[in-house]
Amino acid sequence: MKLLKLITLVFLTNVFISANANPNPPEMRCQTDSYGNKTCQDNRGNAWFGRTDSSGNETWRDNKGNTMTGVRDSFGNITYRDSAGKIRGREDSFGNKAWQGKGGNVIKGRTDSFGNTDYRDSSGNLIKCYKDSFDNETCR
């Protein structure tokens, strides 16, 4: 589940960057296979592939060769770094998230008891993500 949140936030960074320029932002769908591998794709052809190890650490790569890792500490908090080692985001054990996107834009998210998450950037743009009964998530 945490793995999906990472890719959702990477996707949202791109959505928030283009939110003012495009009134119809992209939509993303994610699926999980029987081995726990995640595949996410937006309607613009971008794809992300990820997995979580037995310690809760995450690894993501996109179809352009970029990678991101999330390392979980003993308190359940996770820190995400890109392939250059730059910290891109954090999530605490309560599900609160904070991310820094391109251009210094900050994205914060909060998950409700149903697993749905609302994300808001520092410009006030809002993206809502919903999960279905199969644990697939759609963000708009």
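The values are calculated or read from the model by the stated rules, or taken from the named source; none is laboratory data. A quick note: this is a predicted structure, and the numbers were derived from the prediction, not measured. When we count neighbours, we look across all protein chains shown, and the Cβ atoms used for this are built from the backbone with ideal geometry, even at glycine. All accessible areas refer to the heavy atoms of the entire protein, side chains included, with ligands and DNA or RNA removed. Shrake-Rupley method; radii C 1.70, N 1.55, O 1.52, S 1.80 Å.
Put simply, of GLY50, GLY36 the only residue that is touching a residue at least 12 places away in the same chain (Cβ under 8 Å), in contact with a strand residue (DSSP E or B) (Cβ under 7 Å, 6 or more places away or on another chain), not in a strand (DSSP E or B) and not polar (S, T, N, Q) is GLY36. For region 120-140, the set of residues classified as out of contact with any Phe, Trp or Tyr (no Cβ under 8 Å at 6 or more places or on another chain), in a strand (DSSP E or B) and not basic (Lys, Arg) consists of TYR130 only.
Residues in region 35-78 that are open to solvent by 80 Å² or more (accessible area, probe 1.4 Å) and of a type in the set (Lys, Arg): ARG44, ARG51, ARG61, LYS64.
Considering region 1-33, and only residues there that are touching a helix residue (DSSP H, G or I) at 6+ places or on another chain (Cβ under 8 Å) and in a strand (DSSP E or B), the residue that is modelled with the lowest pLDDT turns out to be MET28.
Here GLY70 fulfils each of the conditions (1) modelled with pLDDT of 85 or more; (2) under 14 Å from the mean Cα position of the chain (by Cα); (3) over 23 Å from ARG29 (Cβ atoms) apart from (3). Quick check: is even one residue across region 130-139 loosely packed, with under 13 Cβ neighbours inside 10 Å, touching a helix residue (DSSP H, G or I) at 6+ places or on another chain (Cβ under 8 Å) and of a type in the set (Gly, Ala, Ser)? No, region 130-139 contains no residue that is loosely packed, with under 13 Cβ neighbours inside 10 Å, touching a helix residue (DSSP H, G or I) at 6+ places or on another chain (Cβ under 8 Å) and of a type in the set (Gly, Ala, Ser).
To keep it simple, each residue is scored yes or no on (1) modelled with pLDDT of 85 or more; (2) of a type in the set (Val, Ile, Thr); (3) surrounded by 13 or more Cβ atoms within 10 Å (Cβ to Cβ).
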| residue | (1), (2), (3) |
| --- | --- |
| GLY89 | no, no, yes |
| ASN105 | no, no, yes |
| THR111 | no, yes, yes |
| PHE114 | no, no, no |
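Residues are listed down the side, and each one gets a yes or a no for (1) at negative phi; (2) more than 14 Å from the chain's Cα centre (by Cα):
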| residue | (1), (2) |
| --- | --- |
| TYR80 | yes, no |
| GLY85 | no, yes |
| TRP99 | yes, no |
| VAL106 | yes, no |
| SER113 | yes, yes |
